[in-house]
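A.B. asks: The following block contains the structure, expressed as structure tokens.
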Amino acid sequence: MGKKTGVFLIQTVVIAALYFVLTYIANAVQLANGLNFQLRISEALTVLPYYTPAAIPGLFIGCLSVNSAMNLPMNDVIFGSLATLVAAIVSYIIRKKKYLVPLPPIIINAISVPAIYTFMLGYDEPPFWRSVIMVGLGEVVTCGVLGIAVMLGLEDYRDKLFPHSAPKDDTGE
């Protein structure tokens, strides 16, 4: 295994583990799931595709494993994890616009989580659009506010943690 492959795998595993642990902690205090309001503090990690492509599988594996461990409905485990995967891919694609990186998980989760519960699982309370707003607000807090804080906090360490991965600024230099 080459050095780059090893670094990629380590980053993937660490990100997956962090996502799992942070979600599990939020779930222990009943913040991780729900249609009225959810604050998965692990969603702050959704900015990591800005730094490394290893965040894409890391976030997906972390989400899939914690959703499975929390015994969520199978549609939520599968499609919620796929929503995280799509959001991570889109965040990686737009990474040259640093402060837009949190938008894909905010938008995708605000729509997909209520859609899964309303249309796939048949929940009718709260109404779909109320759930979109409430889940969206939680995502703004976790992905937007906490995510940007994570980005700012990692700025001094990015070359050590994510060598040759992150753009140097919004112009991609």
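A.B. asks: Using the Kyte-Doolittle scale, which helices in the chain average at least -1.0 and also have C-alpha atoms spread 30 Å or more along the helix axis, with helices defined as whole DSSP H runs?
C.D. replies: Span-like helices, by this rule, are 3-28.
A.B. asks: For the residue pair LEU161 and PHE119, what label-to-label distance in nm results when each label sits 7 Å from Cα along the Cα-to-beta-carbon direction?
C.D. replies: Output for this residue pair reads 3.5 nm.
A.B. asks: Assuming 0.36 nm per residue, please report the length gained on full extension of the stretch ALA149 to ILE89 beyond their Cα-Cα distance.
C.D. replies: Details: separation 60, 0.36 × 60 = 21.60 nm, distance 2.08 nm.
Gain in length upon complete extension: 19.5 nm.
A.B. asks: Roll a 1.4 Å probe over the protein chains and send me the accessible area per residue for the chain in Å².
C.D. replies: Here the residues of the chain average 51 Å² of exposed surface.
A.B. asks: Comparing THR52, THR142, THR118, which has the greatest mean-square fluctuation in the GNM of the chain with Cα pairs linked when under 10 Å apart?
C.D. replies: Taking springs between Cα atoms under 10 Å, the residue moving most is THR118.
A.B. asks: Carbon and sulfur together cover what percent of the accessible area of the range 1-124 at a 1.4 Å probe radius? All intermediate terms of the calculation are to be shown ahead of the outcome.
C.D. replies: Working: 4280 of 5820 Å².
Carbon plus sulfur share of accessible area: 73 percent.
The values are calculated or read from the model by the stated rules, or taken from the named source; none is laboratory data. Keep in mind that this is a model prediction, so the values were computed, not measured. All Cβ positions, even for glycine, are placed from backbone atoms using ideal geometry, and neighbour counts span all protein chains on display. In case anyone asks, the SASA skips ligands and DNA or RNA and just uses the protein heavy atoms, side chains included. Shrake-Rupley method; radii C 1.70, N 1.55, O 1.52, S 1.80 Å.
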